[in-house]
1. Quick check: residue separation of Asn249 and Val163 times 0.36 nm, minus the Cα distance between them. What number comes out in nm?
2. Could you give the length gained on full extension between Val97 and Asp57, defined as 0.36 nm per residue of separation minus the Cα-Cα distance, in nm?
3. Rounded to the nearest 5, what % of DSSP beta bridges with both residues in the chain are antiparallel?
4. Can you compute 3J(HN,Hα) from phi for each residue in segment 9-24, using the Karplus curve 6.51 cos²θ - 1.76 cosθ + 1.60 with θ = phi - 60°, rounded to whole Hz and x for Gly and Pro?
5. For Glu258, list long-range residues whose amide hydrogen, built 1.01 Å from N in the peptide plane, is under 5 Å from its own amide hydrogen.
6. Separation between the Trp176 and Lys281 pseudo-spin-labels, each 7 Å from Cα along Cα→Cβ, expressed in nm?
7. Note down the Stokes-Einstein diffusion coefficient of segment 22-77 in µm²/s, whole number, using a Kirkwood radius over alpha carbon pairs, 20 °C, and 1.002 mPa s.
8. Give the relative contact order (percent, whole number) for the chain; include only Cα pairs under 8 Å separated by 6+ residues.
Amino acid sequence: MRMAKARIAVIGAGLMGHGIAQVFALAGHDVSVYDSVAANLDSAKARILANLKDLGDDPSAVERVRPTPDLAGAVREADYVVEAVLEDLPLKQKLFVEIETHVRPHTILASNTSVIPITKIMDGLRDRSRALGTQWTSPAAIDWTIALHKAAGKMPVHVKKDVPGFVGNRLQHALWREAIALVEHGVCDAETVDTVIKASFGRRLAVLGPLENADLVGTDLTLAIHKTVLPDIEKRGGPSPYLEALVANGKLGFKSGEGFRPWSAQAQAALRAKVLQHLKKARIADG
(Lines give C-alpha, C1' and ligand atoms only; values in the text may rest on other atoms or scores of the structure.)
Protein backbone atom coordinates (compact mmCIF):
# COMPACT_ATOMS: atom_id res chain seq x y z
CA MET A 1 0.00 0.00 0.00
CA ARG A 2 1.36 3.39 -0.94
CA MET A 3 1.20 5.87 1.92
CA ALA A 4 -0.36 8.58 -0.25
CA LYS A 5 -3.31 6.24 -0.83
CA ALA A 6 -3.94 5.35 2.81
CA ARG A 7 -7.44 6.34 3.86
CA ILE A 8 -7.67 8.15 7.17
CA ALA A 9 -10.57 8.44 9.61
CA VAL A 10 -10.50 11.02 12.41
CA ILE A 11 -12.95 10.59 15.26
CA GLY A 12 -13.61 13.99 16.80
CA ALA A 13 -13.66 17.30 14.93
CA GLY A 14 -12.62 19.56 17.80
CA LEU A 15 -9.37 21.43 18.35
CA MET A 16 -7.08 18.43 17.83
CA GLY A 17 -9.24 16.42 15.45
CA HIS A 18 -9.59 19.04 12.75
CA GLY A 19 -5.84 19.66 12.93
CA ILE A 20 -5.08 15.97 12.41
CA ALA A 21 -7.45 15.88 9.45
CA GLN A 22 -5.72 18.95 8.04
CA VAL A 23 -2.25 17.35 8.25
CA PHE A 24 -3.28 14.17 6.45
CA ALA A 25 -5.37 15.97 3.82
CA LEU A 26 -2.45 18.26 3.05
CA ALA A 27 -0.27 15.17 2.61
CA GLY A 28 -2.65 13.87 -0.05
CA HIS A 29 -4.84 11.50 1.96
CA ASP A 30 -8.60 11.23 1.78
CA VAL A 31 -9.86 11.91 5.29
CA SER A 32 -13.26 11.20 6.79
CA VAL A 33 -14.11 13.08 9.99
CA TYR A 34 -16.78 12.00 12.47
CA ASP A 35 -18.16 13.92 15.43
CA SER A 36 -21.32 13.44 17.47
CA VAL A 37 -21.59 17.22 17.95
CA ALA A 38 -23.15 18.73 14.84
CA ALA A 39 -21.59 22.17 15.38
CA ASN A 40 -18.08 20.70 15.42
CA LEU A 41 -18.76 18.71 12.27
CA ASP A 42 -20.44 21.57 10.42
CA SER A 43 -17.52 23.93 11.05
CA ALA A 44 -14.66 21.46 10.51
CA LYS A 45 -13.92 22.25 6.87
CA ALA A 46 -14.15 26.01 7.44
CA ARG A 47 -11.65 25.79 10.30
CA ILE A 48 -9.30 23.63 8.27
CA LEU A 49 -9.51 26.02 5.33
CA ALA A 50 -8.75 29.00 7.58
CA ASN A 51 -5.70 27.18 8.99
CA LEU A 52 -4.43 26.29 5.53
CA LYS A 53 -4.71 29.92 4.43
CA ASP A 54 -3.04 31.21 7.59
CA LEU A 55 -0.11 28.84 7.08
CA GLY A 56 0.20 29.55 3.37
CA ASP A 57 -0.63 25.95 2.47
CA ASP A 58 -2.65 24.66 -0.47
CA PRO A 59 -6.29 25.50 0.35
CA SER A 60 -7.55 22.82 -2.06
CA ALA A 61 -6.43 20.19 0.48
CA VAL A 62 -9.67 20.83 2.35
CA GLU A 63 -11.55 19.11 -0.48
CA ARG A 64 -10.03 15.80 0.62
CA VAL A 65 -11.85 16.09 3.97
CA ARG A 66 -15.28 14.49 4.29
CA PRO A 67 -17.22 15.26 7.47
CA THR A 68 -19.87 12.70 8.34
CA PRO A 69 -22.28 12.13 11.26
CA ASP A 70 -22.10 8.36 10.60
CA LEU A 71 -19.38 6.62 12.63
CA ALA A 72 -19.63 3.36 10.71
CA GLY A 73 -19.40 5.20 7.40
CA ALA A 74 -16.42 7.20 8.58
CA VAL A 75 -14.28 4.19 9.51
CA ARG A 76 -15.52 1.37 7.25
CA GLU A 77 -12.94 1.86 4.48
CA ALA A 78 -10.21 3.47 6.58
CA ASP A 79 -6.67 2.12 6.78
CA TYR A 80 -5.90 4.22 9.86
CA VAL A 81 -8.34 5.48 12.48
CA VAL A 82 -7.28 8.08 15.03
CA GLU A 83 -9.53 9.11 17.90
CA ALA A 84 -9.42 12.70 19.18
CA VAL A 85 -12.41 13.09 21.48
CA LEU A 86 -12.60 14.38 25.06
CA GLU A 87 -10.12 13.10 27.66
CA ASP A 88 -12.72 10.71 29.05
CA LEU A 89 -11.59 7.10 29.48
CA PRO A 90 -15.05 5.41 29.44
CA LEU A 91 -16.01 7.42 26.34
CA LYS A 92 -12.85 6.42 24.50
CA GLN A 93 -13.21 2.78 25.51
CA LYS A 94 -16.81 2.68 24.30
CA LEU A 95 -15.88 4.34 21.02
CA PHE A 96 -13.12 1.88 20.19
CA VAL A 97 -15.30 -1.14 20.94
CA GLU A 98 -17.84 0.27 18.46
CA ILE A 99 -15.21 1.27 15.92
CA GLU A 100 -13.79 -2.26 15.92
CA THR A 101 -17.15 -3.66 14.81
CA HIS A 102 -17.06 -1.49 11.66
CA VAL A 103 -13.42 -1.46 10.48
CA ARG A 104 -11.62 -3.93 8.25
CA PRO A 105 -9.40 -6.64 9.81
CA HIS A 106 -6.09 -4.85 9.27
CA THR A 107 -7.13 -1.26 10.01
CA ILE A 108 -4.77 0.35 12.54
CA LEU A 109 -6.36 2.09 15.53
CA ALA A 110 -4.82 5.03 17.39
CA SER A 111 -5.75 7.52 20.08
CA ASN A 112 -4.63 11.14 20.29
CA THR A 113 -5.00 11.18 24.08
CA SER A 114 -2.70 13.55 25.92
CA VAL A 115 -2.20 11.59 29.11
CA ILE A 116 -4.50 8.54 29.43
CA PRO A 117 -2.54 5.26 29.14
CA ILE A 118 -3.34 3.72 25.76
CA THR A 119 -3.43 0.22 27.23
CA LYS A 120 -6.48 1.21 29.30
CA ILE A 121 -8.21 2.77 26.30
CA MET A 122 -7.70 -0.28 24.07
CA ASP A 123 -8.27 -2.96 26.70
CA GLY A 124 -11.71 -3.96 25.40
CA LEU A 125 -10.66 -4.67 21.82
CA ARG A 126 -10.75 -8.17 20.38
CA ASP A 127 -7.58 -7.59 18.30
CA ARG A 128 -5.30 -5.39 20.37
CA SER A 129 -2.26 -6.03 18.16
CA ARG A 130 -3.38 -3.29 15.76
CA ALA A 131 -3.96 -0.74 18.54
CA LEU A 132 -1.01 1.62 18.76
CA GLY A 133 0.83 2.36 21.98
CA THR A 134 -0.01 -0.77 23.97
CA GLN A 135 1.95 -3.75 25.25
CA TRP A 136 0.19 -5.81 22.58
CA THR A 137 0.95 -3.64 19.52
CA SER A 138 2.49 -5.59 16.66
CA PRO A 139 5.84 -4.46 15.18
CA ALA A 140 4.16 -4.27 11.77
CA ALA A 141 1.56 -1.79 13.05
CA ILE A 142 4.30 0.34 14.60
CA ASP A 143 6.45 0.36 11.47
CA TRP A 144 3.50 1.15 9.19
CA THR A 145 2.36 4.05 11.35
CA ILE A 146 5.83 5.54 11.65
CA ALA A 147 6.17 5.43 7.86
CA LEU A 148 2.71 6.99 7.45
CA HIS A 149 3.58 9.96 9.66
CA LYS A 150 7.03 10.45 8.16
CA ALA A 151 5.44 10.62 4.72
CA ALA A 152 3.07 13.29 6.06
CA GLY A 153 6.03 15.42 7.15
CA LYS A 154 5.88 14.58 10.84
CA MET A 155 8.59 13.31 13.21
CA PRO A 156 7.23 10.16 14.85
CA VAL A 157 9.04 8.47 17.73
CA HIS A 158 8.62 5.01 19.23
CA VAL A 159 7.79 5.19 22.94
CA LYS A 160 8.73 1.83 24.44
CA LYS A 161 6.47 1.85 27.52
CA ASP A 162 2.87 2.99 28.02
CA VAL A 163 2.86 5.56 30.85
CA PRO A 164 0.47 8.47 31.60
CA GLY A 165 1.53 11.49 29.56
CA PHE A 166 3.97 9.44 27.45
CA VAL A 167 7.08 11.60 26.86
CA GLY A 168 6.10 15.07 25.71
CA ASN A 169 3.29 15.74 28.16
CA ARG A 170 5.24 14.33 31.12
CA LEU A 171 8.08 16.73 30.39
CA GLN A 172 5.77 19.66 29.67
CA HIS A 173 3.72 19.26 32.82
CA ALA A 174 6.75 18.72 35.03
CA LEU A 175 7.75 22.23 33.91
CA TRP A 176 4.23 23.57 34.38
CA ARG A 177 4.02 22.12 37.91
CA GLU A 178 7.12 24.03 38.99
CA ALA A 179 6.02 27.18 37.13
CA ILE A 180 2.70 27.17 39.00
CA ALA A 181 4.47 26.44 42.31
CA LEU A 182 6.73 29.49 41.90
CA VAL A 183 3.66 31.72 41.55
CA GLU A 184 1.72 29.90 44.29
CA HIS A 185 4.54 30.38 46.81
CA GLY A 186 5.10 34.04 45.93
CA VAL A 187 8.56 33.59 44.39
CA CYS A 188 7.51 35.58 41.32
CA ASP A 189 4.44 36.41 39.26
CA ALA A 190 3.17 34.55 36.18
CA GLU A 191 4.59 37.07 33.73
CA THR A 192 8.06 36.66 35.23
CA VAL A 193 7.87 32.87 34.88
CA ASP A 194 6.99 33.15 31.20
CA THR A 195 9.60 35.84 30.56
CA VAL A 196 12.42 33.84 32.16
CA ILE A 197 11.59 30.75 30.13
CA LYS A 198 11.18 32.57 26.82
CA ALA A 199 14.30 34.72 27.29
CA SER A 200 16.64 32.01 28.60
CA PHE A 201 16.63 28.24 28.16
CA GLY A 202 13.47 28.31 26.04
CA ARG A 203 15.47 29.89 23.22
CA ARG A 204 17.63 26.82 22.80
CA LEU A 205 15.11 24.05 23.37
CA ALA A 206 14.36 23.67 19.65
CA VAL A 207 17.98 22.72 18.97
CA LEU A 208 19.27 21.50 22.33
CA GLY A 209 17.29 18.92 24.29
CA PRO A 210 17.63 18.66 28.08
CA LEU A 211 19.83 15.57 28.05
CA GLU A 212 21.99 16.99 25.26
CA ASN A 213 22.34 20.07 27.45
CA ALA A 214 23.28 17.93 30.46
CA ASP A 215 26.00 16.23 28.42
CA LEU A 216 27.15 19.59 27.07
CA VAL A 217 27.70 21.10 30.53
CA GLY A 218 28.79 17.78 32.01
CA THR A 219 26.95 15.11 33.97
CA ASP A 220 29.12 15.95 37.00
CA LEU A 221 27.87 19.55 37.01
CA THR A 222 24.31 18.33 36.42
CA LEU A 223 24.61 16.06 39.47
CA ALA A 224 25.98 18.87 41.64
CA ILE A 225 23.12 21.17 40.64
CA HIS A 226 20.54 18.48 41.30
CA LYS A 227 21.86 17.82 44.80
CA THR A 228 21.18 21.46 45.64
CA VAL A 229 17.99 22.28 43.75
CA LEU A 230 15.94 19.07 43.53
CA PRO A 231 15.15 18.90 47.27
CA ASP A 232 13.43 22.29 46.94
CA ILE A 233 11.49 21.64 43.72
CA GLU A 234 7.74 21.00 43.96
CA LYS A 235 6.99 17.31 44.61
CA ARG A 236 3.23 17.47 45.16
CA GLY A 237 1.58 14.35 43.75
CA GLY A 238 -1.61 16.13 42.69
CA PRO A 239 -2.76 19.42 41.18
CA SER A 240 -1.79 22.71 42.81
CA PRO A 241 -4.42 24.24 45.12
CA TYR A 242 -3.61 27.52 43.41
CA LEU A 243 -4.63 26.05 40.04
CA GLU A 244 -7.73 24.44 41.56
CA ALA A 245 -8.75 27.83 42.99
CA LEU A 246 -8.37 29.52 39.61
CA VAL A 247 -10.70 26.98 38.02
CA ALA A 248 -13.18 27.11 40.91
CA ASN A 249 -13.34 30.90 40.59
CA GLY A 250 -13.96 30.78 36.85
CA LYS A 251 -10.51 32.04 35.90
CA LEU A 252 -10.10 29.68 32.96
CA GLY A 253 -7.54 31.57 30.87
CA PHE A 254 -8.37 32.85 27.39
CA LYS A 255 -11.89 31.40 27.45
CA SER A 256 -12.88 33.59 30.43
CA GLY A 257 -10.50 36.51 29.95
CA GLU A 258 -8.32 35.70 32.95
CA GLY A 259 -6.28 32.79 34.24
CA PHE A 260 -2.83 33.16 35.76
CA ARG A 261 -2.91 36.58 34.07
CA PRO A 262 -5.70 38.77 32.66
CA TRP A 263 -6.23 38.50 28.90
CA SER A 264 -8.06 41.13 26.89
CA ALA A 265 -9.33 40.20 23.43
CA GLN A 266 -6.51 42.26 21.94
CA ALA A 267 -3.85 40.54 24.05
CA GLN A 268 -5.21 37.13 23.10
CA ALA A 269 -5.17 37.97 19.40
CA ALA A 270 -1.64 39.36 19.63
CA LEU A 271 -0.31 36.23 21.35
CA ARG A 272 -2.03 33.89 18.89
CA ALA A 273 -0.57 35.85 15.98
CA LYS A 274 2.89 35.77 17.54
CA VAL A 275 2.73 32.00 18.03
CA LEU A 276 1.50 31.47 14.46
CA GLN A 277 4.33 33.54 12.99
CA HIS A 278 6.89 31.72 15.12
CA LEU A 279 5.60 28.32 13.98
CA LYS A 280 5.57 29.40 10.34
CA LYS A 281 9.20 30.51 10.60
CA ALA A 282 10.14 27.26 12.30
CA ARG A 283 8.47 25.22 9.58
CA ILE A 284 10.32 27.16 6.89
CA ALA A 285 13.59 26.59 8.74
CA ASP A 286 12.83 22.86 8.92
CA GLY A 287 12.46 22.82 5.16
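1. On the way: separation 86, 0.36 × 86 = 30.96 nm, distance 3.16 nm.
This chain segment gains 27.8 nm when fully extended.
2. Values: separation 40, 0.36 × 40 = 14.40 nm, distance 3.59 nm.
Taking Val97 through Asp57 to full extension adds about 10.8 nm, to one decimal.
3. If we restrict to bridges inside the chain, about 10 percent are antiparallel.
4. 10, 10, 9, x, 10, x, 4, 7, x, 5, x, 5, 4, 4, 4, 6
5. Distant-sequence amide H within range of Glu258: Leu252, Gly253, Trp263.
6. Placing both labels 7 Å beyond Cα along the Cβ direction yields 2.5 nm.
7. Values: Rh = 11.5 Å.
Result for D is 186 µm²/s.
8. Working: 344 pairs, mean separation 33.7, N = 287.
With pairs under 8 Å counted, the relative contact order is 12 percent.
The values are calculated or read from the model by the stated rules, or taken from the named source; none is laboratory data. Treat the numbers as computed from the prediction; the structure is a model and nothing was measured. All Cβ positions, even for glycine, are placed from backbone atoms using ideal geometry, and neighbour counts span all protein chains on display. Please note that ligands, DNA and RNA were not included when accessible areas were found on the heavy atoms of the full protein model with its side chains. Shrake-Rupley method; radii C 1.70, N 1.55, O 1.52, S 1.80 Å.
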